[in-house]
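Below: the structure, in structure tokens.
The values are calculated or read from the model by the stated rules, or taken from the named source; none is laboratory data. If you're wondering where the values come from, they're calculated on a predicted model, not measured in any experiment. A quick note on method: Cβ atoms are made from the backbone with ideal geometry, for glycine too, and the neighbour counts reach across all protein chains shown. Heavy atoms of the whole protein, side chains included, go into the accessibility calculation; ligands, DNA and RNA do not. Shrake-Rupley method; radii C 1.70, N 1.55, O 1.52, S 1.80 Å.
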Amino acid sequence: MARVGIISVGLFTLLGCFGGGTVKQSIEDYAARLSRVLDVSLPDTFNEKITTPLPKLADSTTLKHNIEGVSINLREFYALQDCELGTVVAERNTSLGKSQLPSQRLAYESKLLTALKNCEAALAEADSANTNNAGLAATIASWREQKSQDYSKTWANLIQGSQELRLALNTPERLMSVENNKDALSSVNALYYLDSLNNKNERPIDSSELEQQLQIIRSARLPATLWHTQQTLTQNLSLLTSMLASELDAVSCPEGRASDNAKILRNVFYLFFIEQIQPVGSLVNQYHYKMAPLWEDWLAQPLLHEEFKRYIKQQTQDGFTEYSNAMKAHVKLWQNFLGRCNLSPVAPV
């Protein structure tokens, strides 16, 4: 019995070398082999649930903040021509400025905030006794306060509405695998970089760096890949656990002596679950905990839409809890069986 303890719920270590197959194929092979050894049919719903789409994320129009902007009259506009602010304001009024992508708009708003601050300081320093300068400086200060509030809404629009983020959060291209998780770690860093942009820094955002980070996020699609894998494991392990509960109980191990059938089942468990499925579970855990602080921060952000936060919570909290419970239940089922038959989960000879 003591030997069985090595299969613990927390055992998510990477074992040996793995083939290039997907976890979907591993689950299918695992289920087919168990079905054959136990001479029992798989549940009717099994093949339907090998993979199912993630729940749909609310459309970007629903999630978008409408930002009215600041109205500047011609007299004020001409008065700004001696500082950088005039150029930045003019930039927004071009055809390109009026059709900015969410990322470009955030970079622009960051640049505008810096220009407002610098122009306000320059006017105050130029001639504090000049009534016109003092009045314009006060006007710019009020604009800066409003644009500071608008900046956070613009950041929220990037997170909820940019094509890169929407693909990354809701459209996986693959399931996670031990060998091929393209740009996964870079994507974690890129997501935290975007999160950091919600803090209005002293320096304007580097637009080229922002676009580069977004492309990494789009390429990896890590959150959606993680959640799709998590969902796939949850659904299929739950079905298999339910199927195996009575079947394993019926396998004979008189006085703790393993029958040939029990040994074959142990080998199936090792070859498919321990060697192929569990390592993918390790990655699910690993990336879940790497990104958990990010999701907690987003769930606490007042300017992110409640529908968006509901989706994030559904995947990062509810979905992960369901996945963890499904994995624990499956492992416990095998612990009990192997313990009853005095077997340990070792590689087949």
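Short to long, the 5 Å bins of the Cα pair-distance histogram for the range 101-246 hold 2, 9, 15, 15, 12, 10, 9, 7, 6, 5, 4, 3, 2, 1, 1, 1, 0, 0 percent of all pairs.
Taking Cα pairs under 8 Å and at least six residues apart, what relative contact order does the chain come out at, in percent? Before the final figure, lay out the partial values.
On the way: 386 pairs, mean separation 105.4, N = 349.
Answer for the chain is 30 percent.
For the chain, the direction-averaged projected area of the alpha-carbon convex hull comes to 21.3 nm².
Basic side chains Lys and Arg get +1 at the Cβ, acidic Asp and Glu get -1 at the Cβ, and with that the dipole of the chain about its Cα centre reaches some 820 debye. If you run the Gaussian network model on the chain, springs between alpha carbon atoms under 10 Å, then out of Thr225, Thr52, Thr316 the most flexible one is Thr52.
Per residue, how large is the accessible surface of the range 281-349? Use a 1.4 angstrom probe and give square angstrom. Spell out each step's value before the answer.
Values: 3070 Å² over 69 residues.
For the range 281-349, the solvent-accessible area averages 45 Å² per residue.
In a reduced charge model with +1 at each Lys and Arg Cβ and -1 at each Asp and Glu Cβ, the range 218-342 shows a dipole moment near 220 debye about its Cα centre.
So what is the calculated 222 nm ellipticity per residue for the chain, using -39500 (n - 2.57) for each DSSP H run with n of 4 or more, over all residues, to the nearest 500 deg cm²/dmol?
Result for the chain, helices only: -20500 deg cm²/dmol.
Ligands, DNA and RNA are left out, and with a 1.4 angstrom probe the accessible area of the range 140-245 is 39 Å² per residue.
Restrict the search to the range 178-219; then list the GluC sites (Glu not before Pro) that DSSP places in a loop and that have at most 16 other Cβ atoms within 10 Å of their Cβ. Mind dumping the intermediate values first?
Details: sites: Glu179, Glu202, Glu209, Glu211; in loops: Glu179, Glu202.
The qualifying sites are Glu179, Glu202.
Accessible area of the chain with a 1.4 Å probe: how many percent of it is carbon plus sulfur? Carbon and sulfur atoms account for 49 percent of the accessible area of the chain.
Given +1 on the Cβ of Lys and Arg, -1 on the Cβ of Asp and Glu, and no further charges, what dipole in debye does the range 227-281 carry about its Cα centre, rounded to the nearest 20?
Values: 3 positive and 5 negative charges, 19 e Å.
Once rounded to the nearest 20, the dipole reads 100 debye.
When only alpha carbons are used to place a centre, the range 141-209 and the range 304-319 end up 17 Å from one another.
Exposed loop sites here are trypsin sites (Lys or Arg not before Pro) assigned a DSSP state other than H, G, I, E or B and surrounded by at most 11 other beta carbons within 10 Å; excluding them, the longest clear run of the chain is 57-256.
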